[in-house]
1. Give me the number: length gained by fully extending Q70 to K6, i.e. 0.36 nm times residue separation minus the C-alpha to C-alpha distance, one decimal in nm.
2. Expressed as cubic angstrom per residue, what is the convex hull volume of the alpha carbon set of the range 65-139?
3. Which links in K103/K134; K42/K134; K101/K129 stretch past 25 Å when you go from one Cα to the other?
4. Within the range 96-113, list the residues whose amide N lies under 11 Å from a label point set 7 Å along Cα→Cβ of T57.
Amino acid sequence: MGEIIKYGNLQRQKDTISDHSRLLVYWARMRELSLQPVSVSKPLSEKLQDVSPRSRTMRLASCFQSVLAQYPDNVVIKDIDVMFNPAYQVDVLKILIEARKSKSYSVIWPGRYENGTLYYSEQGYLDYKTYEVKNYDITCVI
């Protein structure tokens, strides 16, 4: 399902990617490029503060979509770390993909990429997560 492309091939494959059905996930090193990403950390944290701690897991997706709705289509977002709070016990990548159905956007991955897998945090930490790109409907730009 998932696809991995090199950044240099992004322009050549833009037509096949631009059908707006896939979430573009830029690996963190892409921050060096002139994508002009928007941080969602503060507005998402503020939305989640308004939700009781016990309900945050269930409301994380709707809070994220509410924040995302404030931005124009095709925005590139960054700083999604608050979504990886281990107390939430959610599949962050699934939430990001689901939000893509109602809003066209891309995300800069806050972790690392290696051999077809996106990583968040480091092994041994409570927020450590791995995501095999092939299992998700995304295009990972490395």
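1. Gain in length upon complete extension: 20.1 nm.
2. With only Cα atoms used, the range 65-139 gives 93 Å³ per residue.
3. K42/K134
4. The answer is none, because no backbone nitrogen lies closer than 11 Å to the label point.
Every number in this text was worked out from the coordinates using simple rules, so none of it is lab data. Remember, predicted model here, so these are calculated numbers, not experimental data. We place every Cβ from the backbone using ideal geometry, glycine too, and count neighbours over all the protein chains shown.
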